[in-house]
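Participant: Quick one: the structure is below, questions incoming.
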Amino acid sequence: MSFKLDILAIGAHPDDVELGCGGTIAKEVAEGKLVGILDLTKGELGTRGTPKIRAMEAEAAAGILGVMVRENLGLPDGFLENTKEYQLKIVEIIRKYQPDIVLCNAIEDRHPDHAKGSKLASDACFLSGLRAIKTDIGFGEQEAWRPKNVYHYIQWKGIEPDFVVDVSDYMDVKENAIKAFKSQFYDPNSKEPESPITSKNFFESVDYRAKDLGRIIGVNYAEGFTSERYVAIEKLSDIF
Ligand SMILES: [Zn+2]
């Protein structure tokens, strides 16, 4: 069974979406939009946790954000490549859910999978619109579908956004969704090895980045995105 989504958020690792655009997703869900998440890998190279634990955490986080569906392609963590094979796997998901907007990884980042996942998802969005590329996931030939817009959320590096979304009323939902990934982030009682994302500073940085982006637009919290093309608006009053 499948249904059309308004927004599909794609991340290289389970938790990328929550950290990068969890507030925006919670806000869109509250507005009645149908949102789904596609994780490209199971995050099996992560310093803490196991793929099984992360899958359970991802399911819990999806419930907190209120998304309709969360899928995982099981591509190899750490070795994402922009290949035809991986592009087609994403094309199948895009055609299955027909999202109008795709949110994907940061265009450049500390973790090499982020930039690779970003380009891979973006290329798949384009290719998905080409009728000559045939795909079938067991229900006959899929219809070609190209999302109207592809935006990239910001992750580790402080990339300058092209636009920001006010998420002031949804920061608590975002933080709860991130906390669902208990094995991954700051936990003073954990005996597992430390990594850059397990520090208290990292957890706090999610809050202060959103505060800083919010400050610039005059609200409490915001999330930033980059766009591959100009962001079009109906009228000037849409901008606040
Ligand atoms: Zn990641």
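Participant: Specify which residue in the list Phe139, Ile159, Ala210 is farthest towards the positive end of the charge dipole of the stretch 7-239, using unit charges on the beta carbon of Lys, Arg (+1) and Asp, Glu (-1), about the Cα centre.
Facilitator: Projecting each Cα onto the dipole axis, the largest value belongs to Phe139.
Participant: With a 1.4 Å probe and all protein chains kept in place, how much accessible area does Leu65 have, in Å² rounded to the nearest 10?
Facilitator: Accessible surface of Leu65 is approximately 10 Å².
Participant: If you count only protein heavy atoms with a 1.4 Å probe, what accessible area per residue comes out for the chain, rounded to a whole Å²? Walk me through the intermediate numbers first.
Facilitator: Values: 12160 Å² over 240 residues.
On a per-residue basis, the chain sits at 51 Å².
Participant: Calculate what fraction, in whole %, of the accessible area of the stretch 7-239 sits on carbon and sulfur atoms when a 1.4 Å probe is rolled over the protein chains. Kindly include the intermediate steps, with their values, before the conclusion.
Facilitator: Details: 6260 of 11570 Å².
Of all accessible area on the stretch 7-239, carbon and sulfur atoms account for 54 percent.
Participant: With a 1.4 Å probe and all protein chains in place, put Trp145, Trp156 in order of accessible area, largest first.
Facilitator: Values: Trp145 55, Trp156 105 Å².
Reading off the accessible areas and sorting them downward yields Trp156, Trp145.
Participant: Now for a different question. Is the shape of the stretch 7-239 best called rounded, prolate or oblate, per the rule: a/c under 1.5 gives rounded, else a/b larger than b/c gives prolate, else oblate, with a ≥ b ≥ c the square roots of the Cα gyration tensor eigenvalues? Provide the component values of the computation, followed by the final result.
Facilitator: Details: a/c = 1.70, a/b = 1.15, b/c = 1.48.
It is oblate, given that a/c is not under 1.5 and a/b is not larger than b/c.
Participant: Select from Ile101, Ile53, Ile133 the residue whose mean-square fluctuation is largest in a Gaussian network model of the chain (Cα-Cα springs shorter than 10 Å).
Facilitator: It is Ile133.
Participant: Taking Cα centroids, how far is the stretch 168-213 from the stretch 124-154 in Å?
Facilitator: Cα centroid of the stretch 168-213 versus Cα centroid of the stretch 124-154: 33 Å apart.
Participant: Given the whole protein assembly as supplied and a 1.4 Å probe, what does the accessible area of Ser237 come to in Å², nearest 10?
Facilitator: Only protein atoms counted, so the area is about 90 Å².
Participant: Counting pairs of alpha carbon atoms under 8 Å apart in space and at least six apart in sequence, what relative contact order in percent does the stretch 1-120 give?
Facilitator: On the way: 197 pairs, mean separation 42.8, N = 120.
Answer for the stretch 1-120 is 36 percent.
Participant: Step through the residues of the stretch 187-193 one at a time and calculate ³J(HN,Hα) from phi using the Karplus curve (6.51 cos²θ - 1.76 cosθ + 1.60, θ = phi - 60°), rounding each to whole Hz and writing x for Gly and Pro.
Facilitator: Whole-Hz 3J(HN,Hα) from phi for the stretch 187-193: 8, x, 9, 6, 9, 6, x.
Participant: Using the Karplus curve 6.51 cos²θ - 1.76 cosθ + 1.60 with θ = phi - 60°, work out ³J(HN,Hα) for each residue of the stretch 104-117 in order, rounded to whole Hz, and write x for Gly and Pro.
Facilitator: Each residue of the stretch 104-117 in turn: 9, 3, 4, 5, 8, 6, 4, 7, x, 5, 5, 5, 5, x Hz.
The values are calculated or read from the model by the stated rules, or taken from the named source; none is laboratory data. As the structure is a prediction and not an experimental result, all values here were calculated from the model. Don't worry about glycine lacking a Cβ; one is built from the backbone with ideal geometry, like all the others, and counts go over all protein chains shown. For accessibility, only protein heavy atoms count, side chains too; no ligands or nucleic acids. Shrake-Rupley method; radii C 1.70, N 1.55, O 1.52, S 1.80 Å.
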